[in-house]
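Readers should treat all values here as calculations from the given coordinates under stated rules, not as data from a laboratory. Note that the coordinates shown come from a computational prediction; the quantities given were computed from them, not determined experimentally. So basically every Cβ, Gly included, is an ideal-geometry build from the backbone, and we count neighbours across all protein chains shown.
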Amino acid sequence: MTKEQVITSLQDLPETFEPEQLIERLISLQKMEEGLEQVKQGEVVTVEEAKQRLAKWLI
């Protein structure tokens, strides 16, 4: 995460806000970045693989 991303997230908030709102935005941004990095690294599963994994949990 960059300072610029943090500043942009902060600027997108209303003039008054709860600190938790900023924290939630930053956590969401970090999770999206991690997901995109996983895609770049090829750490993904197909829809069929996902269904198979979920089936094990739902049975």
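Odds and ends about this structure:
- Relative compactness, the chain, computed as alpha-carbon Rg over 2.2 N^0.38 Å: 1.63
- Table column - 3J(HN,Hα) (Hz), the stretch 40-50, Karplus curve with 6.51, -1.76, 1.60, x for Gly and Pro: 4, 7, x, 8, 10, 10, 6, 4, 4, 4, 5
- Per-residue ellipticity at 222 nm from helix content only, as computed over the chain with -39500 (n - 2.57) for each DSSP H run of at least four residues, stands at -24500 deg cm²/dmol.
- Put a plus charge on the Cβ of each Lys and Arg, a minus charge on the Cβ of each Asp and Glu, and nothing anywhere else: the dipole of the chain about its Cα centre is then about 360 debye.
- Approximate spin-label separation residue 46-residue 33, in nm, with each point projected 7 Å along Cα-to-Cβ: 3.3
- 3J(HN,Hα) couplings calculated from phi for the stretch 14-29 with the Karplus curve 6.51 cos²θ - 1.76 cosθ + 1.60 (θ = phi - 60°) are, in sequence order, x, 4, 10, 7, 7, x, 4, 4, 5, 4, 4, 5, 5, 5, 4, 4 Hz; Gly and Pro show x.
- Other residues lying with their Cβ under 12 Å from the Cβ of residue 31 contribute a combined charge of -3, Lys and Arg counting +1, Asp and Glu -1.
- Comparing mean-square fluctuations of 11, 38, 30 from a GNM of the chain with C-alpha springs under 10 Å, the top value falls on 11.
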